[in-house]
1. State which residue is nearest to the chain's Cα centre (by Cα) when the search covers only region A:116-125 and only residues that are within 7 Å of chain B (Cβ to nearest Cβ) and either exposed (fewer than 14 other Cβ atoms within 10 Å of the Cβ) or touching a residue at least 24 places away in the same chain (Cβ under 8 Å) (or both).
2. Of the residues that sit in region A:65-101 and are among the acidic types (Asp, Glu) and in contact with an Asp or Glu (Cβ under 8 Å, 6 or more places away or on another chain), which one is nearest to A:Pro29 (Cα to Cα)?
3. Checking the conditions here, which among A:Arg82, A:Arg39 is surrounded by 17 or more Cβ atoms within 10 Å (Cβ to Cβ) and under 21 Å from B:Leu104 (Cα atoms)?
4. Residues of region A:43-61 being hydrophobic (A, V, I, L, M, F, W, C) and free of Cβ contacts under 8 Å to residues at least 12 places away in the same chain, which ones?
5. Which one of these does A:Phe30 not meet: (1) assigned to a helix (DSSP H, G or I); (2) away from DNA strand C (no atom under 12 Å from the Cβ)?
6. Given A:Lys110, A:Lys101, which one is loosely packed, with under 14 Cβ neighbours inside 10 Å and facing another protein chain (nearest Cβ under 9 Å)?
7. Tally up the residues in region B:50-83 that are more than 9 Å from chain A (Cβ to nearest Cβ), within 20 Å of the chain's Cα centre (by Cα) and hydrophobic (A, V, I, L, M, F, W, C), please.
8. Does A:Arg64 qualify as being assigned to a helix (DSSP H, G or I), buried (at least 17 other Cβ atoms within 10 Å of the Cβ) and free of Cβ contacts under 8 Å to residues at least 40 places away in the same chain?
2 protein chains.
Amino acid sequence: MTYTIHEVAEKLGISTYSIRYYNDHGMLPFVQRDANNNRVFHDTDLEWLSMIVCLRETGMSVKRIKHYQELIQEGDATINERYAMMCAQQEQTLAEIADLKKHLATINYKVAHYASILENNEPDSFIPSNLRTETVGK
Amino acid sequence: MTYTIHEVAEKLGISTYSIRYYNDHGMLPFVQRDANNNRVFHDTDLEWLSMIVCLRETGMSVKRIKHYQELIQEGDATINERYAMMCAQQEQTLAEIADLKKHLATINYKVAHYASILENNEPDSFIPSNLRTETVGK
DNA sequence: TACTTGCCTTCGTGTTAGACGAAGGCGTTC
DNA sequence: GAACGCCTTCGTCTAACACGAAGGCAAGTA
């Protein structure tokens, strides 16, 4: 089973620009080409690309992903480093989730704030139109 | 109580570059200057800046944050739009958290995978050094 | 046959949100 | 009064794409 760049893009929810970018930057060294020089993707490419998406969306840089991919190619001697990389990524992702949850609480507060204003149709006197009075809200 | 740009940066965990950037791009229209033209921040500026940080870290663009700030200045007539913006931000953030959790599961799998290899000291035959064999892992 | 449509390619520029360095001003201290 | 440390503005650099232009190849259509 093979796929075009568009099919892959749709399947993984990323743009064809990104796929070409990854390919051009050495993160997808195995994609083959057909007679017209078009990229041909196999299922194994899809799997690796979805790993790339996972790492990118959890904040790993393209450079580090490339390094990770090279480590995999180098074989077992690099298991330790790969383990360390994934542990770091794990921690970082946990931290980011925690961060987002904190920010979400702030946003929830804002939503509730506006909802109550809209519901009660409060007069202007309760919501001065000066920026200094509407900030994050303690 | 007033603060220098460095104090603000440290307090909020962002760089002075970012603060100047926000200021230059109209998101901090109220920061005052001292006799030497240095920025002077008040507590209200800190509060609004921490809201900016919240919105940025949950993915709102600088442009939209600026728009939000303008809406606040325009007063009550814009409550509806602000409410909509915060609702959108809320949804987006929830989606991102869900996404991150999914990716975290993949990373957890990798960590466990490497850990088990390192623990059992498995031979090469179990971990071929070809990229095609190590992808996301079903 | 010629044309259009539609996909693909490469190449090159544009964008966002900063990061950072250089050049220079102001005020304090040695 | 020279050095130090902070600040300023201005300008270039970066990452990770987004996108347009120019052109190739293949299929369908007039």
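1. Taking region A:116-125 and keeping what is within 7 Å of chain B (Cβ to nearest Cβ), we get A:117-118, A:124.
Filter again for either exposed (fewer than 14 other Cβ atoms within 10 Å of the Cβ) or touching a residue at least 24 places away in the same chain (Cβ under 8 Å) (or both), leaving A:118, A:124.
Values: A:Leu118: 35, A:Asp124: 42 Å.
For region A:116-125, the residue satisfying everything is A:Leu118.
2. Per the criteria, the residue is A:Asp76.
3. A:Arg82
4. Of all residues in region A:43-61, those hydrophobic (A, V, I, L, M, F, W, C) come to A:46, A:48-49, A:51-55, A:60.
Once the filter is applied, which keeps residues that are hydrophobic (A, V, I, L, M, F, W, C) and free of Cβ contacts under 8 Å to residues at least 12 places away in the same chain, region A:43-61 yields A:Met51, A:Cys54.
5. Here A:Phe30 meets the rest and fails (1).
6. Numbers: A:Lys110 fails: loosely packed, with under 14 Cβ neighbours inside 10 Å.
The match here is A:Lys101.
7. Count: 4.
8. no
Here, each number is a calculation from the coordinates, and none is a lab measurement. This one's a predicted model, so the numbers in the text were calculated from it and none came from an experiment. Cβ coordinates were reconstructed from backbone atoms using ideal geometry, including for glycine residues, and neighbour counts include every protein chain displayed.
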